[in-house]
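These notes concern the structure reproduced below.
Where a number appears in this text, it was derived from the coordinates with a stated rule and is not lab data. Quantities reported herein were computed from a predicted structural model and do not represent experimental measurements. With ideal geometry, Cβ positions are generated from the backbone for all residues, glycine too; neighbour counts draw on all protein chains shown.
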Amino acid sequence: MLTYTAGGAGPTVILLHGFPLSRAIWDSQVRGLQGSFRVVTPDLPGLGLSPALPDGGEPSMTAMAREVLALMDRLGVQKAAVAGHSMGGYVALALWKLAPERVSGLAMVASQAHPDSPEAAQGRHATAERVMKDGSGVVAAAMGPRLFAPGMGPENPLYQAATSIMAQSDPAAVRYCLLAMASREDFRQHMTQVSVPTLILTGELDVIIPADRGQTMVDAVPGAELVTLSGTGHMPMLENPDGTTRALAAWLGRISG
Ligand code: MLT
């Protein structure tokens with residue numbers, strides 16, 4: 001069962017973190033939203049304080065989404081708004097596909113519906129092997145310089161916080177996520193069927209998932225709202241915490257129940 005934090009009262013929103021991070025990245029948004037909403041932030045399987053999925057299953061976004069659904073069952077939450085950052089967005093899409101009746105709204109934060117290209121998938125497999133040999137610091141070192149907008153380097157406390165979560169992640173869980181991301185399906189074909197209030201939040205300067213990936217989703221999802229945060233990279237919830245909270249609060253305000 002996933003480890004999580006839950007606080008506040010009102011309609012439930014679940015915030016899913018990205019790769020290979022933890023629920024800690026959402027701290028500002030939790031503080032900002034829990035006056036009006038019940039905010040649930042799980043650690044995804046094997047990351048943060050959550051246990052890994054049992055060995056043997058094929059790594060997949062669907063398996064991770066099932067864990068989030070199990071957490072909703074445990075909390076007695078029939079329906080929730082689900083926001084995912086980057087890989088958390090891939091999990092949110094898998095959850096929506098598994099159980100659309102349990103999703104009242106969808107927010108994709110610095111995320112995408114595109115699958116990996118064959119080259120990207122191959123790169124993930126190579127990284128997974130390196131992580132098992134040399135540890136998760138490999139991922140922290142590779143991603144750190146690309147996470148934030150230019151000007152936020154290793155001297156910045158947010159940079160240090162994000163990369164230290166990454167470096168401390170369990171290598172087996174990092175490998176799991178890499179393989180699950182490499183084999184995730186192309187969700188572009190499904191996006192036209194999303195019929196709940198949808199927010200696409202992009203960072204103008206994101207070099208990990210460029211902002212035009214957001215435009216593809218906005219074009220596909222009926223009524224989706226696009227918010228692009230200027231001067232922001234791949235970590236809007238840390239780089240522009242108030243702007244991110246405001247966008248999420250406006251999206252949640254559009255969800256009736
Ligand atoms: C993430 O930030 O969750 C990952 O970088 C997403 C990805 O690599 O596709």
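If I require 20 Å or longer along the helix axis, counting alpha carbons, and a Kyte-Doolittle average no lower than -0.5, what helices from the chain are left? Use full DSSP H segments. Write down the numbers at each step before the final one.
Values: long enough: 61-75 (21 Å, 0.67); 118-134 (24 Å, -1.15).
What comes out of the filter, once short or polar helices are dropped, is 61-75.
Highest first, please rank the peptides 116-127, 18-29, 242-253 by the mean number of other Cβ atoms sitting within 10 Å of their residues. Working shown, then result.
Numbers: 116-127: 12.8, 18-29: 22.9, 242-253: 18.7.
Order by mean packing, descending: 18-29, 242-253, 116-127.
In debye, nearest 20: dipole of region 145-257 around its Cα centre with unit charges on the Cβ of K, R (+) and D, E (-)? Before the final figure, lay out each step's value.
Working: 7 positive and 11 negative charges, 42 e Å.
That gives a dipole near 200 debye.
What relative contact order, as a whole-number percentage, does region 118-178 give when Cα pairs under 8 Å and 6 or more residues apart are counted?
Values: 51 pairs, mean separation 27.9, N = 61.
Averaging sequence separation for qualifying contacts and normalising by length gives 46 percent for region 118-178.
Based only on the alpha carbon positions, what is the Kirkwood hydrodynamic radius of region 119-216, in angstrom? Walk me through the intermediate numbers first.
Values: mean 1/r = 0.0651 Å⁻¹.
Kirkwood radius, region 119-216: 15.4 Å.
With point charges of +1 on the Cβ of Lys and Arg and -1 on the Cβ of Asp and Glu, referenced to the Cα centre of the chain, which listed residue (Ala83, Gly253, Pro42) lies farthest in the positive direction of the dipole?
Positive-end residue among those listed: Gly253.
Rounded to the nearest 500, what is the 222 nm mean residue ellipticity of the chain from helices alone, with -39500 (n - 2.57) per DSSP H run of 4+ residues and division by all residues? Show your work: numbers first, answer last.
Numbers: 10 runs with 112 residues, N = 257.
So the calculated ellipticity at 222 nm is -13500 deg cm²/dmol.
What number do you get for the chain when its Cα radius of gyration is normalised by 2.2 N^0.38 Å, N = residues?
Numbers: Rg = 16.6 Å, N = 257, 2.2 N^0.38 = 18.1 Å.
Rg over 2.2 N^0.38 Å, computed on Cα atoms: 0.92.
Charges at C-beta only: +1 for Lys and Arg, -1 for Asp and Glu. How large is the resulting dipole of the chain about its Cα centre, in Debye rounded to 20? Write out the running numbers ahead of the final one.
On the way: 18 positive and 22 negative charges, 104 e Å.
Value, rounded to 20: 500 debye.
Pull up all non-local amide H partners of Leu16: gap of 5 or more, or a different chain, and H-to-H distance under 5 Å with H placed in the peptide plane.
For Leu16, whose amide H was placed from the backbone, the distant partners under 5 Å are Ala83, Gly84, His85.
Search the structure for amide H atoms under 5 Å from the amide H of Thr228, placed 1.01 Å from N in the peptide plane, and list their residues when 5 or more places away or on another chain.
Thr202
Taking Cα centroids, how far is region 3-20 from region 193-249 in Å?
Computed from Cα coordinates, the inter-centre distance equals 18 Å.
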